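All remarks here apply to the structure that follows.
The values are calculated or read from the model by the stated rules, or taken from the named source; none is laboratory data. These numbers come from a predicted model, not from an experiment. We place every Cβ from the backbone using ideal geometry, glycine too, and count neighbours over all the protein chains shown.
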């Protein structure tokens, strides 16, 4: 059995946010994203800062690129690898059906 939770291209086409931030203790993480819908590539940059009162001290930057798959692309890849998609959910905890505004939880089994 194979279970995966991921973002999907349908979600990004409706709910894309180019920036966000998160604070964990004294660390500030700034995230910036660029999505190219023609290639389904998501380029992301994480910039880490040490927070000292009202000042931010740069720590490091990490950049990466992801291919964001649609449900049909993921199902096709699974079939080619000998797997069969059984069901998809927007939430595993509630078993809410997947839709363009939810994440993609895909459940598959080996054929």
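Being in a strand (DSSP E or B), free of Cβ contacts under 8 Å to residues at least 24 places away in the same chain and touching a strand residue (DSSP E or B) at 6+ places or on another chain (Cβ under 9 Å) is the filter here; which residues of the range 16-27 pass it?
Going through the range 16-27, the residues in a strand (DSSP E or B) turn out to be 19-24, 27.
Still in the running and free of Cβ contacts under 8 Å to residues at least 24 places away in the same chain: 19-22, 24.
Listed by number, the residues that qualify are 19, 20, 21, 22.
Which is part of a loop (DSSP other than H, G, I, E, B) and surrounded by 11 or more Cβ atoms within 10 Å (Cβ to Cβ), of 99, 105, 43?
Details: 105 fails: part of a loop (DSSP other than H, G, I, E, B); 43 fails: part of a loop (DSSP other than H, G, I, E, B).
None of the other options fit; the residue is 99.
Considering 42, 77, which residue is under 12 Å from the mean Cα position of the chain (by Cα) and modelled with pLDDT of 90 or more?
Numbers: 77 fails: under 12 Å from the mean Cα position of the chain (by Cα).
The unique qualifying residue is 42.
Okay, residues lined up against (1) touching a residue at least 12 places away in the same chain (Cβ under 8 Å); (2) over 15 Å from residue 7 (Cα atoms); (3) touching a helix residue (DSSP H, G or I) at 6+ places or on another chain (Cβ under 8 Å):
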residue	(1), (2), (3)
71	yes, no, yes
80	no, yes, no
83	yes, yes, no
89	yes, no, no
98	yes, no, yes
103	yes, no, yes
110	yes, yes, no
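List the number of the failed condition for residue 64; all other conditions in (1) at pLDDT below 95; (2) loosely packed, with under 11 Cβ neighbours inside 10 Å; (3) within 19 Å of the chain's Cα centre (by Cα) hold.
The failed condition is (1).
Contact list please: Cβ distance under 7 Å, first residue in the range 49-64 and closer than 9 Å to residue 27 by Cα, second residue not in a strand (DSSP E or B), pairs at least six apart or on different chains.
50/26; 51/26
Residues to consider are 13, 9; find the one that is out of contact with any helix residue (DSSP H, G or I) (no Cβ under 9 Å at 6 or more places or on another chain) and either under 21 Å from residue 105 (Cβ atoms) or free of Cβ contacts under 8 Å to residues at least 12 places away in the same chain (or both). Steps first, please.
Numbers: 9 fails: out of contact with any helix residue (DSSP H, G or I) (no Cβ under 9 Å at 6 or more places or on another chain).
Unique residue meeting the criteria: 13.
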